[in-house]
Structure formats: structure tokens, C-alpha cells
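Visitor: Just passing along the structure, written as C-alpha cells.
The values are calculated or read from the model by the stated rules, or taken from the named source; none is laboratory data. What you are looking at is a predicted structure, and each value in this text was computed from that prediction instead of being measured. Note that we place each Cβ from the backbone using ideal geometry, even for glycine, and neighbour counts take in every protein chain shown.
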Amino acid sequence: MSDILKDPVALSGLRGKVIEEIRAWCEERGLETYVWIKVDEHCAVDRRFVNEHRVICLDISTDAVDVVEIVDGWIAFRCDFQDAPNSLVCAPLTRVLQVGPADDPSQGVRFFEKATAPEFRDTCPYPAAVYGTEGVVKRFRPHRRNS
């Protein structure tokens, strides 16, 4: 077996490339790009906006976020929640379930949910923000920064 197949962080790099390509494809067509994340204890998200299935849906279009970082098996960006501007979202790429246009997610890509391997803890770009959050609550659709 190849070394890359044994390393969950390296293997998630392919998922990161797909997310970047889908986002670029949506941007070229003027579509909003959304990402669906299955939240676990390794995800830094505002838990008030997680639905009963522990999924959060977030707009990662350039109108909604400044920079999307995809590095070392993680996706991270800052977005504005109604009462919490400039909030950090950070999650292992293995927790991304789907990425695609908001109006027709079937044009995007779905991924299998994977458990977060212990190796991800060592590569987290924002460890202080990720570890220590808890709770669950409701669905969220972020508002646009430029509106």
C-alpha cells in the first residue's frame, strides 16, 4: 500500500483540490459556492447554526468570505454570522460532505463522511480555536459581506 494511502492528512489533499476546483467553477459562472460540513469535536464553527444532523452549510463564495485556506488537510475561512462578524470556521477536510452551487447542489461533488484521525490534531492551522468548542443547534445561511 502506498504511503499516501496510510496518511489521512495527505489523502485529504485530493478532497481539498476538488473543493478548490468546484469553487473556481462556480465563481466562473457567477454561482454562490456552498460547503456542507458534518461537525464533530474537531470543527470550529458557531454551533448555534448546526442542524439536528450535526451539519452546517456555509457560503464560501468570494462575496461571503475573504480567503479560503485549504492546507494540511484543513479548510479554514472567516465569515460573518449575524451577531459575530469575522468568525473563524476551521474543519478537517474529511468532515466536508459536499461542495457545490447553492441553487443546485447536485452540480457539485459529494464526499463520504470520514472520522477525524488523531493525526489531524497535529496539523491544525488554528488549534486554539478548534479544540474546546461544544454544543449543537440550528440551520444557518450566512449573509453576504457586501450587502
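Visitor: It is to be established whether one or more residues within region 73-91 are surrounded by 14 or more Cβ atoms within 10 Å (Cβ to Cβ), farther than 17 Å from residue 129 by Cα and either in contact (Cβ under 8 Å) with a residue 60 or more places away in the chain or in contact with a strand residue (DSSP E or B) (Cβ under 9 Å, 6 or more places away or on another chain) (or both). Break it down stepwise before answering.
Guide: At the first step, the residues of region 73-91 found to be surrounded by 14 or more Cβ atoms within 10 Å (Cβ to Cβ) are 73-81, 87-91.
Of the ones still in play, those that are also farther than 17 Å from residue 129 by Cα are none.
No.
Every residue, every condition in (1) more than 15 Å from residue 37 (Cβ to Cβ); (2) polar (S, T, N, Q), yes or no:
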site: 80; (1), (2): yes, no
site: 84; (1), (2): yes, no
site: 89; (1), (2): no, no
site: 106; (1), (2): yes, yes
site: 109; (1), (2): no, no
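Visitor: Something else about it: What are the pairs, 6+ residues apart or on separate chains, where a residue within region 112-129 that is within 21 Å of residue 36 (Cβ to Cβ) and touching a residue at least 12 places away in the same chain (Cβ under 8 Å) has its Cβ under 7 Å from a residue that is of a type in the set (S, T, N, Q) and assigned to a helix (DSSP H, G or I)?
Guide: As it stands, the answer is 114/94; 116/94, since those pairs meet every condition given.
Visitor: Output the number of residues of region 103-147 satisfying the condition of being charged (D, E, K, R) and either modelled with pLDDT of 50 or more or not in a loop (DSSP other than H, G, I, E, B) (or both).
Guide: Adding up the residues that qualify gives 8.
Visitor: As an exercise: evaluate residue 42 against (1) in a helix (DSSP H, G or I); (2) touching a Ser or Thr at 6+ places or on another chain (Cβ under 9 Å); (3) within 17 Å of residue 115 (Cβ to Cβ); (4) not polar (S, T, N, Q) and give the number of the one condition it does not meet.
Guide: Here residue 42 meets the rest and fails (1).
Visitor: Under the condition of being in a strand (DSSP E or B) and not β-branched (Val, Ile, Thr), which residue from region 45-78 is farthest from residue 120 (Cα to Cα)?
Guide: 59
Visitor: If a residue must be under 12 Å from the mean Cα position of the chain (by Cα) and in a loop (DSSP other than H, G, I, E, B), how many such residues does region 30-39 contain?
Guide: Number of matching residues: 1.
Visitor: Restricting to region 58-72, give me the number of residues that are under 14 Å from the mean Cα position of the chain (by Cα) and either buried (at least 17 other Cβ atoms within 10 Å of the Cβ) or polar (S, T, N, Q) (or both).
Guide: 9
Visitor: Something else: List, please: which pairs have Cβ atoms under 6 Å, are six or more places apart or on different chains, and start with a residue in region 29-55 that is on the phi > 0 side of the Ramachandran plot and end with one that is part of a loop (DSSP other than H, G, I, E, B)?
Guide: Hits for this filter: 54/39.
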